[in-house]
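Chemist: My structure is below; once you've seen it, I'll send some questions.
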Amino acid sequence: MDITKDRMEDFIPEGSPAANARWGASSEGSSTASSGSNAGGSSSAGNAAEKVQDTADSMSRAAVGFASSAVQKADDYAHLAGRRLESMSASIQHLGPESGVLHSASTQIASTLKSSGKYLEEHGISGIAGELTAVIRKNPVPAIFAALGVGFLVARVTKRD
């Protein structure tokens, strides 16, 4: 959640009230500089510019809030999915056969579901995105080929004749 806020704050315009509040600059200094350059202009132009700046600041804050709430929701759903996978794992182990080939297959499936569920519950979407980013940075060429392959498959599936 904090990662998204930090990244979204990179888009706050320098000299805006939001940036001044974030980095401790004085809003009077920036308005004094702008009023000095507006000395020959009308005050209505200054008011309009101030209103535009205020609107941009409020939109920036809204975008940061929306992005962080979206990431939080995705993480919540990932945790829920993790718990459900672990529950499904327990059901498969409990209801599966007690011997034979099907027993070993159901045990393996249950084990995989349980470990996947734990991973999702512990790391969430943010953890998956972070690890995927690290893998892509470590292996960029195979990542490009994988992306091309996925793109090709999606194009084939969605292609209309």
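Chemist: Based on this model, can you work out whether GLY82 counts as small (Gly, Ala, Ser), touching a His at 6+ places or on another chain (Cβ under 8 Å) and touching a residue at least 12 places away in the same chain (Cβ under 8 Å)?
Modeler: no
Chemist: Related question: Find all pairs meeting these conditions: Cβ atoms under 6 angstrom apart; at least six residues apart or on different chains; first residue within the range 66-79 and at negative phi; second residue not in a helix (DSSP H, G or I).
Modeler: SER68/MET1; VAL71/MET1; GLN72/MET1
Chemist: For the range 124-158, give me the residue count where each residue is over 25 Å from ALA70 (Cβ atoms), open to solvent by 80 Å² or more (accessible area, probe 1.4 Å) and within 22 Å of the chain's Cα centre (by Cα).
Modeler: Going through the range 124-158 one residue at a time, the tally reaches 2.
Results for (1) at pLDDT 85 or above; (2) assigned to a helix (DSSP H, G or I); (3) surrounded by 14 or more Cβ atoms within 10 Å (Cβ to Cβ), shown as yes or no for each residue.
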residue: SER35; (1), (2), (3): no, yes, no
residue: ALA39; (1), (2), (3): no, no, no
residue: ALA49; (1), (2), (3): no, yes, no
residue: ASP54; (1), (2), (3): yes, yes, no
residue: ALA67; (1), (2), (3): no, yes, yes
residue: TYR77; (1), (2), (3): yes, yes, no
residue: LEU80; (1), (2), (3): yes, yes, no
residue: MET88; (1), (2), (3): yes, yes, yes
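Chemist: Within the group THR158, THR107, THR133, which residue is touching a residue at least 12 places away in the same chain (Cβ under 8 Å) and β-branched (Val, Ile, Thr)?
Modeler: After ruling out the rest, the residue left standing is THR107.
Chemist: As an exercise: evaluate ILE125 against (1) of a type in the set (Val, Ile, Thr); (2) in contact with a helix residue (DSSP H, G or I) (Cβ under 8 Å, 6 or more places away or on another chain); (3) at pLDDT 90 or above and give the number of the one condition it does not meet.
Modeler: (3)
Chemist: Being at pLDDT below 90 and not charged (D, E, K, R) is the requirement here; does GLY29 meet it?
Modeler: Yes, satisfied.
The values are calculated or read from the model by the stated rules, or taken from the named source; none is laboratory data. Just so we're clear, the structure is a prediction, and the values are computed from it rather than from any experiment. Glycine gets a Cβ as well: all are built from the backbone with ideal geometry, and neighbour counts include every protein chain shown. Remember, those area values only see protein heavy atoms, side chains included, never the ligands or the DNA or RNA. Shrake-Rupley method; radii C 1.70, N 1.55, O 1.52, S 1.80 Å.
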